[in-house]
Amino acid sequence: MKKILFTAAVAVLLLAGCEQERMPEPNAATCAPDAFQAALNEMRSEANRAAFTEECRAFQKAKQMRQWEFKPSPKDNY
């Protein structure tokens, strides 16, 4: 009896996960303008759209923070 109940519970948990929409991982390819719009159009959930948009913004901001340019200090006048 316990084995049947456990099997039924596992089956319910596995089937419950089937309907959840998977959000693409934010990276350079998926956050590019064309791919970003395509990913947003594929998502049905407004919450997933908002989360993906925010994660792409965070990805772009982190990418921008890592890019730097060497600027030498001004010459000292001693």
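The values are calculated or read from the model by the stated rules, or taken from the named source; none is laboratory data. This is a predicted model, so every value here is computed, not measured. All Cβ positions, glycine included, derive from the backbone under ideal geometry; neighbour counts span all protein chains shown. For the accessible areas, the whole protein counts, side chains as well, though only heavy atoms, and no ligand, DNA or RNA atoms are used. Shrake-Rupley method; radii C 1.70, N 1.55, O 1.52, S 1.80 Å.
Starting from residues that are over 21 Å from Gln64 (Cβ atoms) and acidic (Asp, Glu), keep the ones in region 33-49 and report whichever is most open to solvent (accessible area, probe 1.4 Å).
Glu42
Can you list residue pairs whose Cβ atoms sit under 8 Å apart, with the first residue in region 50-73 being open to solvent by less than 100 Å² (accessible area, probe 1.4 Å) and the second being assigned to a helix (DSSP H, G or I)? Count only pairs 6 or more apart in sequence or on different chains.
Within 8 Å, the pairs are Phe52/Ala39; Phe52/Leu40; Thr53/Leu40; Cys56/Phe36.
Inspect region 22-32 for any residue being modelled with pLDDT of 90 or more, part of a helix (DSSP H, G or I) and surrounded by 10 or more Cβ atoms within 10 Å (Cβ to Cβ) and give the result as yes or no.
Looking through region 22-32, none of the residues is modelled with pLDDT of 90 or more, part of a helix (DSSP H, G or I) and surrounded by 10 or more Cβ atoms within 10 Å (Cβ to Cβ).
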